[in-house]
Amino acid sequence: MAILQKHGKNSSPDLASVKESPADNFAQAGSQKKWAESSHNWTRPVARIWTVVLLLGTCLLYCARVAMPICAVSMAERFSWSKRETGMVLGSFFWGYCFTQVLGGYVSDRVGGEKVLLLSAAAWGAMTAFTPILAHFCSQPIVSMTISRFLMGLLQGVHYPSLASLCSQKVVESERGFLMSTVGSGSYLGTLVIGGIGSLMLDLYGWESVFYVSGLLSVLWAYFMWKYLLKGEGPIITLESLGSAGTQSKLSKRNWLRLFRQPAVCAVIITHLCTASTFFTLLSWLPTFFKDTFPDAKGWVFNVVPWFVAIPSSLFSGCLADHLISQGFDTASVRKLMQFFSMGVSGVFTLFLCGTTTFPAAVAFVSVTMGLTTFSHSGVSVNVQDLAPSCAGALFGVIMVYFSGYLIEATGSWASVFGLITVVNLLGLGMFLTFAEARRVDIDIAKGRHHNIHI
């Protein structure tokens with residue numbers, strides 16, 4: 001663990017005073033009142049409730065998202081899709097997903113991430129439930145499914161930016177790693193649930209049932225969140241609220257060009273895109289890979305085991321990261337260590353899949369790969385909150401899935417896909433290890449508004 005350094009070795013002398021008495025330090029800039037208002041964190045009981053609710057919401061998000069990859073083989077047979085066409089349907093989700101990343105975070109920073117989460121969940125839940133209807137009643141299912149998946153991507157693209165915004169505003173720095181890892185584990189729990197129960201439903205009731213159940217459960221989650229957590233208030237997002245001077249109004253005046261000139265910010269964006277691209281490529285194509293390579297294998301095995309491993313791995317990475325930071329290790333070094341496991345070590349096991357000849361070995365390599373990728377939740381995924389907590393949502397912002405389908409059809413080899421994933425992983429990891437930092441960059445030092453806090 002040579003890359004880890006204690007804070008005392010590289011922190012400024014006034015760091016202790018900033019941590020011990022933030023009000024006194026910020027009073028020097030005449031902003032003590034604003035600091036108190038913007039740092040109104042959840043109490044522990046409230047944070048626990050929200051953690052459970054957000055965990056369940058992320059679980060349902062992935063139940064709806066993975067419904068298509070789980071059913072892709074059956075739908076391809078039903079509608080006579082080629083690998084390239086299947087890749088187009090699967091990949092269209094991520095084209096939509098990219099468009100609303102920044103917008104979702106921007107809106108969340110101003111009106112509250114909980115409102116954006118609620119509205120989007122109700123919308124993508126309904127879209128999921130209507131997917132089979134669109135497939136059967138459209139004369140060109142490939143067109144309707146591509147458009148519906150694109151819209152699903154637009155609606156689900158705001159989820160993680162909203163989580164990042166909500167977490168940065170309501171959770172103290174020392175607990176963000178665990179909360180984001182816990183909530184992030186909902187993605188693996190959702191994939192586990194839909195992989196197990198969805199596979200059984202697929203065999204017993206047909207692929208349509210997978211969409212119906214996951215969509216309706218998502219809508220119910222949004223309703224209960226509105227009824228019991230938001231107390232039936234809102235969510236109302238108006239143009240006036242987006243432009244008004246709320247608690248985050250000063251954030252809209254930040255110099256975004258200055259932020260994007262920061263190498264650390266660019267590194268986070270590129271690494272996040274690489275991480276998302278490789279993860280979603282595996283998520284989308286693994287069911288097809290196992291069906292093609294091991295046609296006699298039970299679907300519930302390869303759709304369940306890797307995600308069963310990923311859940312405790314995600315929780316462990318969050319606890320480990322927070323523990324190391326609480327012990328005084330440099331935050332940036334901890335983030336880099338987590339990302340090294342997520343992209344570097346996992347890439348080795350991805351390459352092992354190129355020469356896999358047995359089903360147990362393939363399941364084992366995929367399980368280790370997915371388990372290690374969860375370390376990104378306490379790496380690059382939370383690093384944006386270190387850099388810019390005031391606008392974390394907007395900074396949390398793909399053609400990999402479609403291109404993978406093209407490679408499979410053109411080369412007839414899954415090794416080309418796994419090789420591509422490894423290359424993208426190494427590219428993102430190299431960028432993150434070189435430029436990543438954990439000091440705040442969303443403050444104007446020249447104007448002396450706030451101290452530059454090295455979290």
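Observations
- Any hit, the stretch 349-358, residues being in contact with a His (Cβ under 9 Å, 6 or more places away or on another chain), crowded, with 22+ Cβ neighbours inside 10 Å and part of a helix (DSSP H, G or I): no
- Scope the stretch 43-60; condition under 22 Å from TRP307 (Cβ atoms), open to solvent by 20 Å² or more (accessible area, probe 1.4 Å) and hydroxyl-bearing (Ser, Thr, Tyr); matching residues: THR51
- The residues of the stretch 291-340 that are in a loop (DSSP other than H, G, I, E, B) and buried (at least 19 other Cβ atoms within 10 Å of the Cβ) amount to a single one, ASP330.
- Filtered residues of the stretch 194-237 (kept if on the phi < 0 side of the Ramachandran plot, open to solvent by 40 Å² or more (accessible area, probe 1.4 Å), modelled with pLDDT under 90 and not aromatic (Phe, Trp, Tyr)): LEU200, ASP203, LYS227, LEU229, GLU233, ILE236, ILE237
- TRP285 at pLDDT below 85, farther than 26 Å from CYS167 by Cβ, in a helix (DSSP H, G or I) and open to solvent by less than 10 Å² (accessible area, probe 1.4 Å): yes
- Exactly one residue out of VAL309, VAL334, VAL366, VAL345 is within 20 Å of the chain's Cα centre (by Cα), aliphatic (A, V, I, L, M) and closer than 22 Å to VAL171 by Cα: that is VAL334.
- Residue tally, condition touching a helix residue (DSSP H, G or I) at 6+ places or on another chain (Cβ under 8 Å), outside any helix (DSSP H, G or I) and within 30 Å of GLY87 (Cα to Cα), over the stretch 140-198: 2
- Number of positions in the stretch 145-185 that are surrounded by 24 or more Cβ atoms within 10 Å (Cβ to Cβ), of a type in the set (Val, Ile, Thr) and over 20 Å from ILE49 (Cα atoms): 1
- Meets criteria (more than 29 Å from TRP414 (Cα to Cα) and of a type in the set (Asp, Glu)) for ASP296: no
- Residue in the stretch 78-98 that is outside any helix (DSSP H, G or I) and modelled with pLDDT under 85 present: no
- Extreme residue, nearest to LEU118 (Cα to Cα), among residues of the stretch 61-91 that are open to solvent by less than 10 Å² (accessible area, probe 1.4 Å) and among the small types (Gly, Ala, Ser): ALA64
- The listed residues are VAL368, VAL363, VAL384, VAL345, and the only one of them that is over 19 Å from PRO287 (Cα atoms) and at pLDDT 75 or above turns out to be VAL345.
Rundown of residues vs (1) polar (S, T, N, Q); (2) modelled with pLDDT of 90 or more; (3) over 14 Å from ASN425 (Cβ atoms), yes/no style:
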{"site": "HIS323", "(1), (2), (3)": "no, no, yes"}
{"site": "GLN327", "(1), (2), (3)": "yes, no, yes"}
{"site": "ALA332", "(1), (2), (3)": "no, no, yes"}
{"site": "LYS336", "(1), (2), (3)": "no, yes, yes"}
{"site": "LEU351", "(1), (2), (3)": "no, no, no"}
{"site": "THR357", "(1), (2), (3)": "yes, no, yes"}
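- Of everything in the stretch 401-423 that is among the β-branched types (Val, Ile, Thr) and closer than 16 Å to TRP285 by Cα, the residue that is modelled with the lowest pLDDT is VAL401.
- Qualifying residue in the stretch 121-136 (condition: of a type in the set (Ser, Thr, Tyr), over 16 Å from the mean Cα position of the chain (by Cα) and over 22 Å from ALA76 (Cα atoms)): no
- Within the stretch 288-307, the residues that satisfy the criterion of being under 24 Å from ALA64 (Cβ atoms) and at pLDDT 85 or above are PHE289, PHE290, VAL305, PRO306.
- Condition met for TYR188 (of a type in the set (Phe, Trp, Tyr) and at pLDDT below 85): yes
- Candidate set from the stretch 107-126 (those that are open to solvent by 10 Å² or more (accessible area, probe 1.4 Å) and touching a Gly at 6+ places or on another chain (Cβ under 7 Å)); member that is farthest from PRO69 (Cα to Cα): ARG110
The values are calculated or read from the model by the stated rules, or taken from the named source; none is laboratory data. Because the structure is predicted, anything quoted here is derived from the model rather than measured. Cβ: placed from backbone, ideal geometry, glycine included. Neighbour counts: every protein chain shown. Surface areas here come from the heavy atoms of the whole protein model, side chains and all, with no ligands, DNA or RNA. Shrake-Rupley method; radii C 1.70, N 1.55, O 1.52, S 1.80 Å.
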